[in-house]
Amino acid sequence: MPAPARTQTLPIAMLCTALLLAACGSDDGLAADPASVDTYVKSAWVELGPNGAAIARAVSSHADTCPRVEIDGNASRMTLRAGAGTPAQRSTASAAEDSKASAFPVLSCEIAVPATAKTLTLGSRTLPLPKASPQRVVVLADTGCRMKKADNAWQACSDAGAWPFETIATAAAVLKPDLVLHIGDYHYRENACPSDVAGCQGSPWGYGWDTWEADLFKPAARLLAAAPWVMVRGNHEECARAGQGWARFLDTSAYSAARSCDDPANDSTGNYTDPFAVPIGADTQVIVFDSAKTGKAALKSTDFQFTTYQAQFKKAAELAQKTGVASIWANHHPILAFAPLAGAAPAGGNAALLSVGDATYPSAYYPSGIKLAIHGHVHDFQAISFSSNHPATIVSGNGGDNLDVNLPDPLPAGSTPAPGAVIDSIAHTSTFGFLVMDRVGAGWVYKAMTRDGKLLTTCTLSGSKLVCDKTGYLAP
C-alpha cells in the first residue's frame, strides 16, 4: 500500500512573503513598499514652481502612507502635503442647499525634485522631468465640464463631442511637448445634474476628489504623463469654489490651514498668491499671476483687492526686469482681449485688473518687459497684436468647457479692449482646441490647433508684435 501523500507546509514568514508578492507583484521594490503599488496611486505628475523648481506630486488612496519615488535610482518617501478628510461644509458660490462638504478620501503627497535629476519613477510610472531648454510648450485653459445650476448649464460630460477635453489632452500629448502651461479653470462640476438632463447623469459634483478626478486627472492622464506642467489658477479655483482641491493638489505654495480654503475666515489669504517666474530656456520666462478672485468691476484705490493686486503687479514687474529674457505674462482673466457678447459689440478686458494696471503703469497696463500675455477665461481663441505700445495677447480658453459665441467678423470699427489699446490685427475662433508654442531659432511661433491637433493658424512674435498667417475668423 503506497504511503499517503505528504502535505508540504510553508513557514509562516515565507507564506506571508508569498502573499505579499502575489498582491504587489514580483518586483522586489514594490513588494518592499506596498504604498507605491499602482492600485493606490490615483495620479502622479510633475509641476514647476518659482524659478522652475520641479515638484513631483501624487494622489494616493493608501490609508496613511505616501508612495516612494526613485530619483536617479535612489529611493525617497514622498511627504504628506494634505491628509485624507472631509472638512466641514463651507460657504460656496452656490446656495447651501446646492452645495455639500468636499470629501477628500485621498492623500496628497509631494517631493522636491533636484534640478540635476535624470530619472524619476513612482511604481511602474516614469514621470517627466523638466528640460533646460524646452522646444515645445502646449497651452490650454478652461478644460472642465460645466455643471452649474445658476446658469442652467449642463454640459454632456459623458459625450466626447460635447466635452472634448480628453480628446484635446490626447492630441496634445501626441505632439510630445516638453512643457504644459494650463491657464486656469480645471474644475466646473459645481452642482448636481438634474434628473431630466441625460448628458450629465451619474457625474460627480461638488468640490471633492471625485470631481477633480473626473474633470482633470482622468481625462488629462496622458498629458500629465507627457511633460511637466505649470499650473495657473482660474476663478473656478478660488476658495468659494474648487479652492480646497487647488490647495491640496496644484498650488505650489506650502499647504497650511490659512491657505487650505477650508475656513472662509481665511479666504483673504487663500485667494491670493504672489507671482513667480518659470524659465523656459535661457531667454524666455513665464510670469505666473494669480487672478482667481478678481471681480468684473473696476476697483477703488482703497479697496483691499486693489492694494493686494497692485503689490503683486509690482512684484511681477521686478521679475520681468531680467536682462536678455523675454517675459510672457500668464494669468486667467484677459486684460487686453475681448469677451464676446451675443448680439452686441464685444466687451473689453477685465475691468478690475485694468484699473490696477492703469493706475500702476498708466496707459500701458503692464510693467515693462512683458512682450506677450496669455489668458483663458473667455472660451475661445484670440491672437491680438497692437499698433499701440501694448504687449500682444493670446486667449486660449477653448480647452473643453462650453464655448462662447464667436466675435464679430470683422470687429466693429474702433473696437478696443481698453482705452488707448489700438488693434493692428486679430485672429480668432470659437471652436475647441489648444495652443502650441514651438521654438524656432531665437524665438517662438504660436500655433492655434483644433481639438484633433490640426493647424488653424501660425503666429510669429517679434518684440511685442504678433503676426499670424491667417487673420479674422478661423474656420475649423
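No lab work stands behind these numbers, since they all come straight from the coordinates. What you are looking at is a predicted structure, and each value in this text was computed from that prediction instead of being measured. Cβ atoms come from the backbone with ideal geometry, glycine included; neighbour counts cover every protein chain shown.
So which lysines can Lys300 reach, going by Cα to Cα under 24 Å and dropping same-chain residues fewer than 8 places off?
List returned: Lys314, Lys315.
Across the chain, where is the longest run that never hits trypsin sites (Lys or Arg not before Pro) in a DSSP loop with at most 12 other C-beta atoms within 10 Å?
119-295
Please state, to two decimals, what the Cα-based radius of gyration of the chain comes to when divided by 2.2 N^0.38 Å (N = residues).
1.04
Give the angle, between 0 and 90 degrees and rounded to the nearest 10, that separates the Cα long axis of helix 351-360 from the longest principal axis of the Cα atoms of the chain.
Around 70 degrees separate the two axes.
For the stretch 293-369, with only Lys/Arg (+1) and Asp/Glu (-1) charged at the beta-carbon, what is the dipole magnitude about the Cα centre, in debye rounded to 20?
Result for the stretch 293-369 is approximately 120 debye, rounded to the nearest 20.
So for the pair Ala162, Val422, with labels modelled 7 Å out along Cα→Cβ, what separation do we get in nm?
With each label placed 7 Å out from Cα toward Cβ, I get 4.7 nm.
Please give every one of the aspartates and glutamates within straight-line cross-link reach of Lys470, meaning a C-alpha to C-alpha distance under 20 Å, and leave out same-chain neighbours fewer than 8 residues apart.
Within the straight-line limit of under 20 Å, Lys470 reaches these aspartates and glutamates: Asp380, Asp409, Asp424, Asp438, Asp452.
In debye, nearest 20, what is the charge dipole magnitude of the chain about its Cα centre with +1 on Lys and Arg Cβ and -1 on Asp and Glu Cβ, if you could check?
660 debye
If R0 is 51 Å, what FRET efficiency do you get for Ala198 and Asp72 from their C-beta distance, rounded to 0.05?
0.50
At 0.36 nm per residue, minus the direct Cα-Cα distance, what do Val440 and Ala63 gain on full extension? Give it in nm, one decimal, please.
130.9 nm
Could you quote the convex hull projected area for the stretch 304-354, Cα atoms only and averaged over all directions, in nm²?
Hull-based average projected area comes out at 4.6 nm².
If each of Thr86 and Lys118 carries a label point 7 Å out from its Cα toward its Cβ, how far apart are those two points in nm?
Rounded to a tenth, the inter-label distance reads 4.8 nm.
Using the count of nearby Cβ atoms within 10 Å as a rough guide to exposure, how do Cys193, Cys145 rank from fewest to most?
Ranked by crowding around the Cβ, least crowded first: Cys193, Cys145.
So what is the calculated 222 nm ellipticity per residue for the chain, using -39500 (n - 2.57) for each DSSP H run with n of 4 or more, over all residues, to the nearest 500 deg cm²/dmol?
-4000 deg cm²/dmol
How far is it, in nm, from the label point at Ala265 to the one at Asn389 when both lie 7 Å from their Cα along the line to the Cβ?
According to this spin-label approximation, the distance is 4.9 nm.
Between the stretch 221-243 and the stretch 314-337, what's the alpha-carbon centroid distance in Å?
Using only Cα atoms, the two centres lie 20 Å from each other.
Using only the Cα atoms of the stretch 32-178, what are the Rg and Dmax in Å?
For the stretch 32-178, the Cα radius of gyration and maximum Cα-Cα distance read 18.4, 52 Å.
What residue among Cys145, Leu299, Gly49 has its Cα farthest toward the positive end of the dipole of the chain, where the charges are +1 on Lys, Arg and -1 on Asp, Glu, each on the Cβ?
Farthest towards the positive pole: Gly49.
Using Cβ counts within 10 Å as a stand-in for footprinting exposure, how do Glu97, Glu237, Glu110 rank, fewest first?
In order of increasing Cβ crowding within 10 Å: Glu97, Glu110, Glu237.
If you take the beta carbon distance between Lys315 and Thr39 as r and set R0 to 41 Å, what does 1/(1 + (r/R0)^6) give as a FRET efficiency, to the nearest 0.05?
The computed FRET efficiency comes out at 0.45.
Which Cα, out of Thr92, Trp329, Asn350, lies furthest along the positive dipole direction of the chain (beta carbon charges, K/R +1, D/E -1)?
Trp329
Starting from the Kirkwood radius over alpha-carbon pairs of the stretch 181-238, derive D by Stokes-Einstein at 37 °C in a medium of 0.692 mPa s and give it in µm² s⁻¹.
So the translational diffusion coefficient is about 260 µm²/s.
Show which lysines lie in cross-link reach of Lys296 when reach means a straight Cα distance below 20 angstrom and same-chain residues fewer than eight apart are skipped.
Lys296 reaches Lys148.
Test of understanding: what is the full-extension gain from Asp303 to Ser133, defined as 0.36 nm times their sequence separation minus their Cα-Cα distance?
Length difference between fully extended and current span is 57.1 nm.
Which residues does a label at Val467 reach in the stretch 385-413, if reach means a backbone N under 17 Å from a point 7 Å past the Cα toward the Cβ?
Within reach of a label on Val467, which here means backbone N under 17 Å from a point 7 Å along Cα→Cβ, the stretch 385-413 contributes 385-388, 392-393.
Would you kindly derive the ³J(HN,Hα) couplings of the stretch 98-104 from the backbone phi angles with the Karplus curve 6.51 cos²θ - 1.76 cosθ + 1.60 (θ = phi - 60°), listing them in order in whole Hz, with x for Gly and Pro?
Taking θ as phi minus 60°, the curve returns 9, 10, 7, 5, 8, 8, 10 Hz for the stretch 98-104.
Between the stretch 400-476 and the stretch 247-294, what's the alpha-carbon centroid distance in Å?
With the stretch 400-476 and the stretch 247-294 each reduced to a Cα centre, they are spaced 27 Å.
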